[in-house]
Every structure is written in C-alpha cells, then in structure tokens.
1. Of all residues in the stretch 8-19, which are near the ligand (Cβ under 8 Å from one of its atoms), crowded, with 24+ Cβ neighbours inside 10 Å and not in a loop (DSSP other than H, G, I, E, B)?
2. If I filter the stretch 116-124 for residues that are crowded, with 23+ Cβ neighbours inside 10 Å and under 25 Å from V229 (Cα atoms), do I get at least one hit?
3. Out of the residues in the stretch 54-71 meeting the condition of being within 13 Å of the ligand (Cβ to nearest atom) and in a helix (DSSP H, G or I), tell me which one is surrounded by the fewest Cβ atoms within 10 Å (Cβ to Cβ).
4. So which residues in the stretch 44-53 are assigned to a loop (DSSP other than H, G, I, E, B) and either within 10 Å of the ligand (Cβ to nearest atom) or open to solvent by 40 Å² or more (accessible area, probe 1.4 Å) (or both), if there are any at all?
5. Does the stretch 29-43 contain at least one residue that is more than 9 Å from the ligand (Cβ to nearest atom), out of contact with any strand residue (DSSP E or B) (no Cβ under 7 Å at 6 or more places or on another chain) and part of a helix (DSSP H, G or I)?
6. For the stretch 210-217, indicate whether the set of residues that are away from the ligand (no atom under 13 Å from the Cβ), closer than 18 Å to V10 by Cβ and outside any helix (DSSP H, G or I) is non-empty.
7. So which pairs qualify, if the first residue must be in the stretch 27-40 and on the phi > 0 side of the Ramachandran plot, the second must be away from the ligand (no atom under 16 Å from the Cβ) and assigned to a loop (DSSP other than H, G, I, E, B), the Cβ gap must be under 6 Å, and the two must be at least 6 apart or on different chains?
8. Would a scan of the stretch 132-143 turn up a residue that is within 9 Å of the ligand (Cβ to nearest atom), farther than 23 Å from V65 by Cβ, modelled with pLDDT of 95 or more and not in a helix (DSSP H, G or I)?
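The values are calculated or read from the model by the stated rules, or taken from the named source; none is laboratory data. Because the structure is predicted, anything quoted here is derived from the model rather than measured. Please note: Cβ atoms are built from the backbone with ideal geometry, for glycine as well, and neighbour counts cover all protein chains shown. Note: accessible area is taken over every heavy atom of the protein model, side chains too, but ligands, DNA and RNA are not part of it. Shrake-Rupley method; radii C 1.70, N 1.55, O 1.52, S 1.80 Å.
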Amino acid sequence: MVITDKVVVVTGGGNGIGRALCRRFAVECAKTVVVVDLDAAAAERVASEIAGVAIAADVSREDEVKRVVAGVIERHRVIDLFCSNAGIAVDGDEHTPAGEWQGCWELNVMAHVFAARAVLPGMLARGEGYLLQTVSAAGLLTHPTSATYAVTKHASLAFAEWLSMTYGDRGIRVSALCPQGVRTDMLQRASAGGRTFLVDSAVAPEQVADDVVKGIADERFLILPHPEVADYFRRKASDYDRWLRGMRRLRSTLK
Ligand SMILES: NC(=O)c1ccc[n+]([C@@H]2O[C@H](COP(=O)([O-])OP(=O)(O)OC[C@H]3O[C@@H](n4cnc5c(N)ncnc54)[C@H](O)[C@@H]3O)[C@@H](O)[C@H]2O)c1
C-alpha cells in the first residue's frame, strides 16, 4: 500500500517511534495523519507540526479506542491504515504484582485487540485496510530483564499473525514492526540491565519510519529495522536449547 492520500491513525504518536511515523507519513503525502496519545500536549505538538489532527486518548481502554475510531470515521469517512504503536516497557518477573502484569497486558496486547475490533468492520466492508502493530524483537526472541515485556510482546505478535491469517484473503494487510533498540524516551527510561544490551545497536526512530514505509509498500508481515533479528529468530527455531544457553550467557552479563 502506498501512503499517499491515505487516512492514517498512529497511537503513541506524540513521541518516539510514533512521532517519527507521523512525520514520515506526512512527507509521504498522507491525506490525514491522526496523532493519538495519552499525552495531549505531545499529540498537539506533532499534529500542528505536520498539519495533522490530534486526539488525546488512553488506547488501553476500549471505550477510548472506540471514540477515536468513530471520530475519525465521522470526520474523514475511512481509516486506511491504523498503526497501533503505543506500548509500555518495564522490568518484570514472576514476582511482579498482578496489577502491573495487567497494565502491560492492557496496553501491549488489548490495545491492538480493541483497535482491530473497532476498525475491521469498516475495512472488511470496503475489502481493504491496513493494520500495523508495533511489537518488538522481544516478541520473536525474548527480553532478558522483562518477563512482562517478553510475554506481552509475544502475545501481540501472535495476535498480528492471527489477524493476517484470518483476514488476509479479505483484503486486510497486517504488519508487525519488530525492532530491537530504538533511540527514544522508552530506551532512555529503561533500567541499566534492560538498556545496555540494546544501546550499541540502537537505531534512530526516523530509520524505523523509513523501514515501515518500505514494509507497507511491500505489504510485508515482518518489518525488521535490525535485519539480524531474522537470523536470531532462525537460530532460536533451529536449536532452542542452544539459543537458551546463549540467552543465559547474555542474561548473566547484565546488572
Ligand atoms: N524504543 C525502543 O527501543 C523500542 C524497541 C522495540 C519496540 N518498541 C515499541 O515501540 C512502541 C513505541 O515505543 P517508543 O520507544 O516510541 O516509546 P515512547 O515512550 O518514546 O513513546 C510512547 C508514546 O506512547 C504514548 N502512550 C503511552 N501509553 C499510552 C496509552 N495508554 N494510550 C495512548 N498513548 C500512550 C506516550 O505518551 C508516548 O507519547 C512501543 O510499543 C514499544 O514497546 C520500542
């Protein structure tokens, strides 16, 4: 799909990867870029910079996602591309309280479910539409210091696969964006252990946005700003135990 003349919605569009996507879609001459963010001021800043539309919303809540989608459809008639990008990364393990697990689940997984529920009826009726889910390389591999992130990103990738399998023959395209480190506030905020293995190979959000535009043009399911992730994924699949030994070694080097 080409972005030119398309109505595009980006959640978490006020900062980081989402902001870079909004800017890049504007350069690609999208008809409208709708910048959705919990941080109303950040959404406004990005929208005014690119002559887009800002909507403040918490996409981990279904009523808020419904409001966003209904508002965009009322004003712009269709949504061609919905980028479900907002996510949360915190360290977590088996002792992390259930409420924190739930918070990660709601944003990293259910926000994608709510988005699909709200936009698919219109897309299916038109026989076309595009869903981009920002997952993470952690969805294909793992995250050495965050079980909450690794588990919810695996679930998010599983949902993207499922959507593609179920609706691909009815004109719906799905891509899963799976970067390793990206130089955003999220990476800055990560704990030392969660950050150190990512910073050296971290890429700029603008590069991620370039890869997304190319991936969407090719209608490719996996968008990998770090191409080496495909090799890591192959190694994981071909010898799980060897891969786990390597991950234990990596884990032991992290503080
Ligand atoms: N930065 C990385 O290294 C990296 C790597 C792989 C994947 N990711 C994924 O990329 C996505 C974006 O990450 P980022 O690095 O740009 O993060 P970021 O923290 O820099 O920006 C995230 C934006 O999402 C908004 N947001 C947070 N919760 C929200 C909610 N409930 N509703 C609406 N908006 C909300 C924030 O206000 C912020 O503007 C996330 O899904 C993240 O897991 C990031």
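1. T11, I17, G18, R19 - these are the residues of the stretch 8-19 that are near the ligand (Cβ under 8 Å from one of its atoms), crowded, with 24+ Cβ neighbours inside 10 Å and not in a loop (DSSP other than H, G, I, E, B).
2. Checked the stretch 116-124: no residue is crowded, with 23+ Cβ neighbours inside 10 Å and under 25 Å from V229 (Cα atoms).
3. The initial filter retains those residues of the stretch 54-71 that are within 13 Å of the ligand (Cβ to nearest atom), namely 54-65, 67-68.
Now restrict to residues that are in a helix (DSSP H, G or I): 62-65, 67-68.
Working: E62: 16, D63: 10, E64: 18, V65: 27, R67: 14, V68: 24.
Among residues in the stretch 54-71 that are within 13 Å of the ligand (Cβ to nearest atom) and in a helix (DSSP H, G or I), the one surrounded by the fewest Cβ atoms within 10 Å (Cβ to Cβ) is D63.
4. Across the stretch 44-53, the qualifying residue is only A51.
5. From the stretch 29-43, those more than 9 Å from the ligand (Cβ to nearest atom) are 29-35, 40-41; that's our starting set.
Filter again for out of contact with any strand residue (DSSP E or B) (no Cβ under 7 Å at 6 or more places or on another chain), leaving 29, 41.
From what is left, the residues that are part of a helix (DSSP H, G or I) are 41.
Among the residues of the stretch 29-43, at least one is more than 9 Å from the ligand (Cβ to nearest atom), out of contact with any strand residue (DSSP E or B) (no Cβ under 7 Å at 6 or more places or on another chain) and part of a helix (DSSP H, G or I), which makes the answer yes.
6. Going residue by residue through the stretch 210-217, those that are away from the ligand (no atom under 13 Å from the Cβ) are 210, 213-217.
Of the ones still in play, those that are also closer than 18 Å to V10 by Cβ are 210, 213-217.
Filter once more, so that each one left must be outside any helix (DSSP H, G or I): none.
Within the stretch 210-217, not a single residue is away from the ligand (no atom under 13 Å from the Cβ), closer than 18 Å to V10 by Cβ and outside any helix (DSSP H, G or I).
7. As it stands, the answer is C29/T4, since those pairs meet every condition given.
8. Scanning the stretch 132-143, I find no residue that is within 9 Å of the ligand (Cβ to nearest atom), farther than 23 Å from V65 by Cβ, modelled with pLDDT of 95 or more and not in a helix (DSSP H, G or I), so the answer is no.
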